[in-house]
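All of the numbers you see were taken from the coordinates with simple rules; none came from a lab. Computed from a predicted model, the values in this text were never measured in an experiment. As a convention, Cβ positions derive from the backbone with ideal geometry for all residues, glycine included, and neighbour counts pool all protein chains shown.
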Ligand code: SF4
């Protein structure tokens, strides 16, 4: 496969964005609902792993009605946190993490750090979460690679990376910095509505004629038909 063309990639991203906007993906309401403080962004992103966005948003709203800052959150007990965030996936483990993070932040004057290494030094915070917090809470250009960004970047031929870190590096090379913060939002919405993990809705996709994955699928089905 030849190297992806940066101008074509930017054009495809824009066309995906304009189609996804008409479909009101769950991620749009989720991001809008959690952006009030960097602490809420951090905790909500942590809650969101393996959980649907509407469930995460409701859990985050219940939790932040009990405690909206690290000091207050650190004073809650584990059962209170679990009760507020249930039924998010792994809610028991996440409740522990939330309390650990809140205690750590209390020792940092209650402020969420912007620096990626300090963010990643917090319990349970990996690179994807750190990048999302930097992007959503602080507006720092970042590319957060989650399962949707990983899958779609590979389908479109933007990256052949085998790890999220490889894909992040490829996307940062391919797109100008001013588009980095758009990539996660657009591709997550796209992955929730059209470019689904299984059975993507390719016939409705505005860019299907330019999708490497769709072309390969068509070629392999026409080869099978001619055999
Ligand atoms: S054509 Fe299908 S696989 Fe390709 S980007 Fe569109 S929905 Fe995804």
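Quick one: helix 127-138 against the long Cα principal axis of the chain, what's the angle to the nearest 10°, folded into 0 to 90?
For helix 127-138, the angle is close to 80 degrees.
Applying a 10 Å radius around every beta-carbon, put 44-55, 87-98 in order of their mean neighbour count, most first.
Order by mean packing, descending: 44-55, 87-98.
Checking a compactness column here: for the range 32-186, what do you get for Rg(Cα) / (2.2 N^0.38 Å), N being the number of residues?
Here the Cα radius of gyration is 1.05 times the empirical estimate.
Compute the helix-to-body angle for 38-48: its Cα long axis versus the longest principal axis of the chain, expressed 0 to 90° and rounded to tens.
Approximately 60 degrees, to the nearest ten.
With axes computed from alpha carbons, what is the tilt in degrees of helix 6-21 against the longest principal axis of the chain, rounded to the nearest 10 within 0 to 90?
Value to nearest ten degrees: 70.
Do the sum for the chain: with -39,500 (n - 2.57) for every DSSP H run of n ≥ 4, divided by all residues, what is the mean residue ellipticity at 222 nm, to the nearest 500 deg cm²/dmol?
Per the formula, -19500 deg cm²/dmol.
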